[in-house]
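Scroll down for the structure; my scribbles are underneath it.
The values are calculated or read from the model by the stated rules, or taken from the named source; none is laboratory data. Since this is a predicted model, take the numbers as computed values, not measurements. SASA here: full protein model, heavy atoms, side chains in, ligands and nucleic acids out. Shrake-Rupley method; radii C 1.70, N 1.55, O 1.52, S 1.80 Å.
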Amino acid sequence: MFELSREHEEFRRTVAEFATAEVAPYAAQWDRDHHFPVDTVRKMGELGLFGLTAPEEYGGAGLTGADGGFTSLCLAIEELGRVDQSMGITLEAAVGLGINPILTFGTDEQKATWLPDLVAGRAVAGFGLTEPGAGSDAGATRTRAVLDGEEWVVDGAKQFITNSGSEITSLVTVTARTGSRSVQRDGATVEKPEISTIIVPAGTPGFTAEKAYDKLGWHASDTHPLSFEGARVPAENLLGERGRGYAQFLATLDDGRVAIAALAVGCIQACLDMSLEYAGQRQTFGGPIGRKQGVAFQLADLETMLRAARLLTYSAAAMKDAGAPVAAFKQAAAIAKLHATESAVSATRIATQVFGGYGFMEEYPVARFYRDAKVLEIGEGTSEVQRMLIARGLGLPVE
Amino acid sequence: MNIVVCVKHVPDATADRKFESDNTVDREGVDGLLSELDEYAVEQALQLREKRSDEEISVTALTVGPAKAADAVRKALQMGADKGVHVSDDAIAGSDYLGTSLVLAKAIEKIGSEQKVDLVVFGMASTDASGGVVPAMVAERLGLPQVTLASVIESQGDQVRIKRDGDTATEVIGATLPIVLSVTDQSGEARYPSFKGIMAAKKKPVESYSLSDLGVEASEVGAEAAYSAVEEATARPPRTAGEIVTDEDGSGATALAEFLASKKFI
Ligand SMILES: Cc1cc2nc3c(=O)[nH]c(=O)nc-3n(C[C@H](O)[C@H](O)[C@H](O)COP(=O)(O)OP(=O)(O)OC[C@H]3O[C@@H](n4cnc5c(N)ncnc54)[C@H](O)[C@@H]3O)c2cc1C
């Protein structure tokens, strides 16, 4: 049987206490105001949530796989997501897309410059991959970076970038074409774009985080379109190897899928908790609605979804912590993301149904979860992309 | 400097509380946790250690209670205390404030026999019994000054200054270490343990003492030695439907006032 350690359970309780006291009471207001709560992010930093998987020299907890560092991050995301999906994704993106690329591919100097503030939650960073014409097909990046003497000159546009335009955003890492290479394909020579990753600090002239999106959900999460017009950054802002930008991005993606699955688990748990309470209270035809099979069976489905999603998620996280072979972990991550996020969307549909007309009213959190859930099936690889990966993992030559 | 923080393991107030057949609180069969009010004490001890980082300061969390009470020590260690002491003995069950304070005082003396204890910190009361008298009793037994109900604590060298907020005035009290201090829930929010703290706590030393280790006779503590006994315990009655005053002819205010007066609220 798969079980979390006592320490992990204690940590879960700590984050749950934090989420209940510091996040839950304000989540509805932040959602209404589309407000990114900088002070709360800072408190999450004080609790060490951004540094769970970062080394001590940058202010992190210095946890290893043996300590279950990645599992602890997933627990934190789940517990925040149980009360507020926006804060869950803020943490997930800040670590997975903000900190991890720098931690994994950065030079000592880049790490020393950027990580301490990111790890402390004094700053967040975004990762700009998606473009108006490049989403699932991230290789279709059009943004360009040209080396002009000692500087990269970045031109182009990114879209849907999380944590990219808040008042504490310190940088965005962007993928950009830095040239092209001739490669042989099917006997012919084709030009393949060379994609690299470049760190663009906030405040760089020519780099603008445009007005935040009006989104269906995740209102308290910071998402912007970005534009780059002759934005100049030093040559040493190249992150990792030139020409390896896309490959580097792919390498950090699997962790993010498990983390999104954890966020989905938090959503399903919230749906179950809210529905269970309501089913015991709401009276129709002389008794609580939970007595009607039509409602009770839906709650049974929620519990079943929750268990399955949780097992898939945390066994994938445990594989990561245990250093499982890449191919096996990739498959587990894609399966966890696919199943947990699709379950979360179903769970919010069930929960709103259990709440009847009240489920459609913003005065109950159920409505917010309903709006927030949908994007789980889209961000960090759509469900279709996960299915494609899983099928490939089965050895099918899916294009 | 050697600081001892006394922490109590209490039943979770959000769970169903139960009583044993002798009307003492069931401490084994219910979920428990470190009394919230004691978290403030741990926090103040840790802040003192942090503020005086140029000194060698050790914080020991001390609890008296059954096996499960070790969780209270663990929580204090997770928050950042350096070591723990857990006094456990079947004979302690059912002790009143006097019995508990005796065991605590003896345990503090034992800790002090290795390195002098400069400061003993308590919360203002426990969240289960809410007596708030144990700090004073321990101070008396140890022959130390008691500086209680502090909302602000400042220290320099061996001098400690606290603020105590009363109903009509705030008192500022100065004392010279060693002292027994109790802190209120206004002294500053307690920190949450980080995952790093939780992992680190696994490796911190916890000593277990029995009554004989402390030189306390079983007959001095426990329900038998207690000066008070709980005769009966009744669960709070469920809330009943209130009385609704319908105001049809303008007599509502009078009816309301009469009701409040009959309950002695006004
Ligand atoms: C709130 C939010 C935050 C985001 N944050 C970030 C961020 O921080 N950084 C970042 O880089 N991106 C971010 N994204 C972008 C996100 O990763 C993309 O939206 C996602 O990858 C899908 O890309 P797309 O929108 O271009 O859709 P498309 O790729 O155009 O897909 C359209 C549809 O076609 C399907 N499809 C596409 N290709 C295939 C295929 N080969 N087989 C089968 N079906 C296919 C898709 O599954 C989808 O249903 C965010 C998005 C949102 C909504």
Per the C-alpha gyration tensor (a ≥ b ≥ c, the square roots of its eigenvalues), region A:125-242 is rounded if a/c is under 1.5, else prolate if a/b beats b/c, else oblate; here it's oblate
Solvent-accessible area per residue for the protein assembly as shown (1.4 angstrom probe, square angstrom): 48
So if the hydrodynamic radius of region A:73-197 is defined as the Kirkwood radius over C-alpha pairs, what does Stokes-Einstein give as its diffusion coefficient at 20 °C and 1.002 mPa s, in µm² per second? 132
Between 0 and 90 degrees, rounded to the nearest ten: what's the tilt of helix B:252-262 against the longest Cα principal axis of chain B? 50
Counting C-alpha atoms alone, how compact is the protein assembly as shown: give Rg to one decimal and Dmax as a whole number, in angstrom. 29.5, 99
Return the single residue from A:A373, A:A21, A:A202 with maximal mean-square fluctuation; model: Gaussian network over chain A, springs between Cα atoms under 10 Å. A:A21
Considering only protein heavy atoms, what is the solvent-accessible area of B:V25 at a probe of 1.4 Å, reported in Å² to the nearest 10? 40
With Rg from the Cα atoms and Rh as the Kirkwood inverse mean 1/r over Cα pairs, region A:255-399 has an Rg/Rh of 1.07
Principal axis lengths of chain A from Cα atoms, whole Å, largest first? 79, 49, 40
What accessible surface, in Å², does a 1.4 Å probe find on B:S101, ignoring ligands, DNA and RNA and rounding to the nearest 10? 0
Area hidden from solvent between B and A (accessible, protein heavy atoms only, 1.4 Å, total, Å²): 1300
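Rounded to two decimals, what is the ratio between the C-alpha radius of gyration of chain B and 2.2 N^0.38 Å? Could you put the intermediate results ahead of the total?
Working: Rg = 21.7 Å, N = 266, 2.2 N^0.38 = 18.4 Å.
It is 1.18.
Order A:S164, B:S219, most accessible first, counting only protein heavy atoms with a 1.4 angstrom probe. Mind showing how you got there, number by number?
Numbers: A:S164 5, B:S219 95 Å².
So the residues, ranked largest to smallest area, are B:S219, A:S164.
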Show B:D165, B:D26 ordered by accessible area, largest first, where the area counts protein heavy atoms only and the probe is 1.4 Å. B:D165, B:D26
Along the three principal axes, how long is region A:6-124 when you take its alpha carbons, biggest first, rounded to the nearest angstrom? 41, 35, 18
For region A:278-343 and region A:106-156, what is the separation of their C-alpha centers, rounded to whole Å? 35
Tilt relative to chain B, helix B:36-51 - C-alpha long axis, 0 to 90 degrees, to 10: 40
Please report the Cα spread of region B:148-266 along all three principal axes, rounded to whole Å, starting with the longest. 72, 42, 37
Tell me, what is the 1.4 Å probe accessible area of B:M199, in Å² to the nearest 10? 20
If the elastic network links every pair of Cα atoms under 10 Å, which of A:A157, A:A317, A:A262 fluctuates the most in the Gaussian network model of chain A? A:A157
Can you give me the span-like helices of chain A, meaning DSSP H runs with 27 Å or more of Cα extent along the axis and Kyte-Doolittle mean at or above 0.0? A:245-281, A:293-322, A:326-354
Please work out the ratio of the alpha-carbon Rg of region A:261-327 to 2.2 N^0.38 Å and round it to two decimals. 1.52
I need the phi-derived Karplus couplings for region B:130-135: 6.51 cos²θ - 1.76 cosθ + 1.60, θ = phi - 60°, integer Hz, Gly and Pro marked x. 6, x, x, 9, 4, x
Checking the cross-link filter: which lysines have an alpha carbon closer than 18 Å to that of B:K18, excluding same-chain neighbours under 8 positions apart? B:K8, B:K68
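Determine, for chain A, the count of lysine pairs separated by eight or more sequence positions (or lying on different chains) whose alpha-carbon distance falls under 21 Å. Don't skip to the answer; put the middle values down first.
Numbers: A:K158/A:K192; A:K158/A:K211; A:K158/A:K215; A:K215/A:K374; A:K320/A:K330; A:K320/A:K337; A:K337/A:K374.
Summing the qualifying lysine pairs gives 7.
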